[in-house]
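Just so it is clear, none of the values below were taken in a lab; they were calculated from the coordinates. Fair warning: this is a prediction, and the values are worked out from it, not measured in the lab. Glycine also receives a Cβ, built like all others from the backbone with ideal geometry; neighbour counts cover every protein chain displayed.
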Amino acid sequence: MYVPAREIAPKVARALKPGGAIVVEDRHRDTRRVWREGGLFGDNELPTLFPDLRVLRYDDFWGVPDWQAERIQERLVHLIAEKPSVPEPGCLWKGKVV
C-alpha cells in the first residue's frame, strides 16, 4: 500500500512479529531533478527509519517505478528488513555427554 513511510515507520516496526518483514519502495530525493513531486529520502536514509530491524536488502538505483504511467527514469530506494526472531530458551547443543 502507498503510505507515508517516515510517519508510520515506528508503528510498523513495533507491530511486526518476530521474523516479520517490511518492504518499502519510494523515490530518492534526487528524483526532483526529473519529477517535480520528487522523492522523500536522501542517501542511505531509508534504513535509519527502522533501526531495530535487520536489513536484508537495500537498493538505491535509477529505474522506472511500476506505479508511474509516464515511464520516466527516477532514482528509487528499496528496503527489505525483518524483525529479529527471539531465540528459544535453553541449550541448543544436542551432542553426546562424555
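Annotations for the structure displayed:
- With both residues required to sit in the chain, DSSP beta bridges show an antiparallel share near 95%.
- Taking the chain and dividing mean pair separation by its residue count, relative contact order in percent (alpha carbons under 8 Å, at least six apart): 33 percent
- The GluC sites (Glu not before Pro) of the chain that DSSP puts in a loop, and whose beta carbon has at most 11 other beta carbons within 10 Å, are GLU37, GLU70.
- Most tightly packed first, judged by the mean number of other beta-carbon atoms within 10 Å of their residues, the peptides 10-22, 57-69 read 10-22, 57-69.
- Computed from the alpha carbon atoms alone, the convex hull of the chain holds 132 Å³ per residue.
- The charge dipole of the chain, taken about its Cα centre with unit charges on the Cβ of Lys, Arg, Asp and Glu (plus for the first two, minus for the last two), comes to roughly 360 debye.
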